[in-house]
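**Student:** Please see the structure below; I have some questions.
Nothing in this text is a laboratory measurement; each read-out follows from the coordinates by a stated rule. Quick caveat: nothing in here was measured; it's all calculated off a predicted structure. With ideal geometry, Cβ positions are generated from the backbone for all residues, glycine too; neighbour counts draw on all protein chains shown.
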Amino acid sequence: MVAAGAGELPGNVALTANVGAPDMGGRAVNGTEPGLYATGDSAACDTAALSNRLMADPAAAAAWAGVFGISTASIPYYLNTLTPVVLTADTWVTNHTFASGRANPFQAILQRGTAVYVDAAGVPRAVCSCSNPLAPPAAAPIGGYRLEGQPWPSYQTRSVTRVAYADQHVTDTTTLVPGAPAPRRARRSCRC
């Protein structure tokens, strides 16, 4: 898990550059990239149960809907537009907790294998197991955060995936750096 704050990063944390999107650490990808998600145990993502649970708690429903800018009456419809998937990589998101009648955002890394709902652009929108609403990660470098808690054994910041907003263009490119110029041949001057 990543939490807000400044501090030294652990020795196993290294940052990489993103290509095509602002440099925020990790690997920036489009949500439609092949292999980003897998199908899994659909029992972990019970859309009807999530909808019923939210609709039975008006305060939680209002906070949840507020994250997405929708009305509470639109929650069942919105949930039906989402697709349940399983993360194939550790993924950086803005997660939310519910406290004092509000959805409170915090930065988090979801572990590979976590079941989530994604929208049509492939952006994670809710955690299946706990129904926490999700949004794309903060527009700040991951190096501006410190780790809280014990990361899982395979966790490495340089391997974290950050799903870009639908309006960000992310491409893989190769940068060519010119080498040293080829030596010039000496010209012979002929005097006739």
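**Student:** Can you bin the stretch 78-158 into rounded, prolate or oblate? Criterion: square roots of the alpha carbon gyration tensor eigenvalues sorted a ≥ b ≥ c, rounded for a/c under 1.5, prolate for a/b above b/c, oblate for the rest.
**Tutor:** On the way: a/c = 1.68, a/b = 1.24, b/c = 1.36.
Note, shape of the stretch 78-158 comes out oblate.
**Student:** Normalised by the number of residues in the stretch 50-110, what is the relative contact order in percent for Cα pairs under 8 Å and 6+ residues apart? Intermediate values should be presented prior to the final figure.
**Tutor:** Numbers: 55 pairs, mean separation 18.0, N = 61.
Here the relative contact order equals 30 percent.
**Student:** Check which residues have an amide H placed less than 5 Å from residue 132's amide H, if you skip close sequence neighbours.
**Tutor:** Those lying under 5 Å, H to H, from residue 132 are 127.
**Student:** With a point put 7 Å past each Cα toward its Cβ, work out how far residue 74 is from residue 53 in nm, to one decimal.
**Tutor:** 2.3
**Student:** How do 108-120, 68-80, 92-104 rank on mean C-beta neighbours within 10 Å, highest first?
**Tutor:** Values: 108-120: 19.3, 68-80: 13.9, 92-104: 16.8.
Going by the mean number of other Cβ atoms within 10 Å, highest first, we get 108-120, 92-104, 68-80.
**Student:** Taking 7 Å along the Cα-to-C-beta vector as the label spot, tell me the residue 130-residue 83 distance in nanometres, rounded to one decimal.
**Tutor:** 2.6
**Student:** Another question about this same structure. Can you list residues from other chains, or at least 5 along the same chain, whose modelled amide H is less than 5 Å from the amide H of residue 160?
**Tutor:** 27
**Student:** Modelling each spin label as a point 7 Å along the Cα-to-Cβ direction, I'd like the residue 154/residue 33 distance in nm, to one decimal.
**Tutor:** Calculated label separation equals 1.6 nm.
**Student:** Multiply the residue separation of residue 99 and residue 121 by 0.36 nm, subtract the distance between their alpha-carbon atoms, and state the gained length in nm to one decimal. Could you put the intermediate results ahead of the total?
**Tutor:** Values: separation 22, 0.36 × 22 = 7.92 nm, distance 2.89 nm.
The residue 99-residue 121 span can extend by a further 5.0 nm.
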